[in-house]
Structure formats: structure tokens, C-alpha cells
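Peer 1: Here it is: the structure, laid out below.
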Amino acid sequence: MRRFCTALRECAVVAAAVACVIAVMVLFAAPVFRAGESYTLYLGGSSSALAVETEHPLQDKTLFQNVAGESTVYDGNFYREIKERFHATLLFTEEVCGVTNYYLYSGQLCGGVYLNGERVNLHVAVSAEQTAVGSPLIFGGF
């Protein structure tokens, strides 16, 4: 009976350890943004090597080992909400073809790329109808 209890205790410890590892993996794989109309993960060392659109960002971020960036698109203008949510600092803006691009830095986000000598890790693009947000940048067209 003593062996059975010891074995059961050891199994419980192993199960708890596995649960902790899974919890940490899910925590680190949590999507940066609330899912919008579409969600894209950028894979590869340069963040722009491969773009994968997903309907399940948490699941796919957990499965893919090399997610280097992500973005989503919302209907409407959400620039102020995003800036406030990430306590971001506006670094510079540019306007191209009716889309205003805001390049920001947030201490809440990891990584980043250097543009115009500034470390950018949050990119928000606002058109008349939609807002795209990406970290570190939005790759592809918007």
C-alpha cells in the first residue's frame, strides 16, 4: 500500500509539473492583440519571411516555434485606444495613399526594429474605414 501511495504522489507531482509547463507556454503564446477582422502571424527571423493568417492565434502561436510578429485589423479608427492600452509613445508618423501610419514604442512589448534611428515595436495604420495594428510592424499590404 505504501508503494502505491508513493507512486500516486510521484504521478501527481509529474502531472503538476507538466501542467505548469503548459500554462507557461500558453502565457507566452498569448496573442498581443484582441482578434479583429483577421489575425496574421509573421514567422521567421526577419518577421516578414512568412505571413500566416489564422483564426486561432493562441493555438497557432503555441504550435509555431518561430513567431516573430503579429498583426490584426479592426473596423473603424482605434489608434487612441491602442496607444493608451499599450502606454505607447508616438515616435513619428507618415501618410501614404490615404493611410496614416503611426510608429510607436511600448515598454509592454518585446523586440522591435529600428526606423529613422528609433526603436519601433508597435505600428498602427489607420485608413478611412479600418485600423491595422502590428508588432513590431505591419508587413504586407493594408
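Just so it is clear, none of the values below were taken in a lab; they were calculated from the coordinates. None of the values given here were measured: they were computed from a predicted structure.
Peer 1: Can you work out D for the range 62-123 in µm² s⁻¹ from Stokes-Einstein, where Rh is the Kirkwood radius over C-alpha pairs, the temperature is 25 °C and the viscosity is 0.890 mPa s?
Peer 2: This corresponds to a translational diffusion coefficient of 189 µm²/s.
Peer 1: Something else about it: Just to check, using Stokes-Einstein with a Kirkwood Rh over alpha carbon pairs, what's the diffusion coefficient of the range 33-142 at 20 °C and 1.002 mPa s in µm²/s?
Peer 2: It comes out at roughly 153 µm²/s.
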